[in-house]
Amino acid sequence: QVHLVESGGGLVQPGGSLRLSCAASINFFRIYTMGWYRQAPGKQRELVARITGDGSTAYVDSVKGRFTISRDNAKNMVYLQMNSLKPEDTAVYYCNTGTNGLLYWGQGTQVTVSS
């Protein structure tokens, strides 16, 4: 059974920073690719960043240079450091992984960027 719990969202002014955390209850965490997705009101859920078990990362173009995904395999944690936040980053952010053809999601954490 896979269980993902996000935290760290909140209200921040444009240009500010937030760090999201995802605690993963999963055996052999270190082998799983982990992702952060987001969904804004009225829009489809999109992949923001992902990180493989060996630490390779990829980002959607809109966050490159501003967001950093990382993981701590000893703690079963994934992080998303978000800098230079913009109003268009406002969304519910979800932690994600998949195995054996199944996708797993956390409950999401709200990020609101507004002055």
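The values are calculated or read from the model by the stated rules, or taken from the named source; none is laboratory data. Treat the numbers as computed from the prediction; the structure is a model and nothing was measured. Positions of Cβ are generated from backbone atoms using ideal geometry, with glycine treated the same way; all protein chains shown enter the neighbour counts. Each accessible area value is taken on the protein alone, full model and side chains, heavy atoms only, with ligands, DNA and RNA left out. Shrake-Rupley method; radii C 1.70, N 1.55, O 1.52, S 1.80 Å.
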So which residues in segment 73-115 are among the basic types (Lys, Arg) and without any contact (Cβ under 8 Å) to a residue 60 or more places away in the chain? LYS75
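Scan segment 45-82 residue by residue and report those that are among the charged types (D, E, K, R) and either open to solvent by 70 Å² or more (accessible area, probe 1.4 Å) or under 16 Å from ALA24 (Cα atoms) (or both).
Within segment 45-82, the first condition is being among the charged types (D, E, K, R), and the residues that meet it are 45-46, 50, 54, 61, 64, 66, 71-72, 75.
If the condition is that a residue be among the charged types (D, E, K, R) and either open to solvent by 70 Å² or more (accessible area, probe 1.4 Å) or under 16 Å from ALA24 (Cα atoms) (or both), then ARG45, ARG50, ASP54, ASP61, LYS64, ARG71, ASP72, LYS75 are the ones that fit.
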Scope segment 1-35; condition closer than 17 Å to LEU102 by Cα, over 15 Å from the mean Cα position of the chain (by Cα) and open to solvent by less than 70 Å² (accessible area, probe 1.4 Å); matching residues: VAL2, SER25, ILE26, PHE29
Among (1) surrounded by 13 or more Cβ atoms within 10 Å (Cβ to Cβ); (2) free of Cβ contacts under 8 Å to residues at least 40 places away in the same chain; (3) part of a loop (DSSP other than H, G, I, E, B), there is one condition GLY42 misses while meeting the rest; what is its number? (1)
Segment 85-115, subset surrounded by 14 or more Cβ atoms within 10 Å (Cβ to Cβ) and of a type in the set (Gly, Ala, Ser), residue farthest from LEU20 (Cα to Cα): GLY98
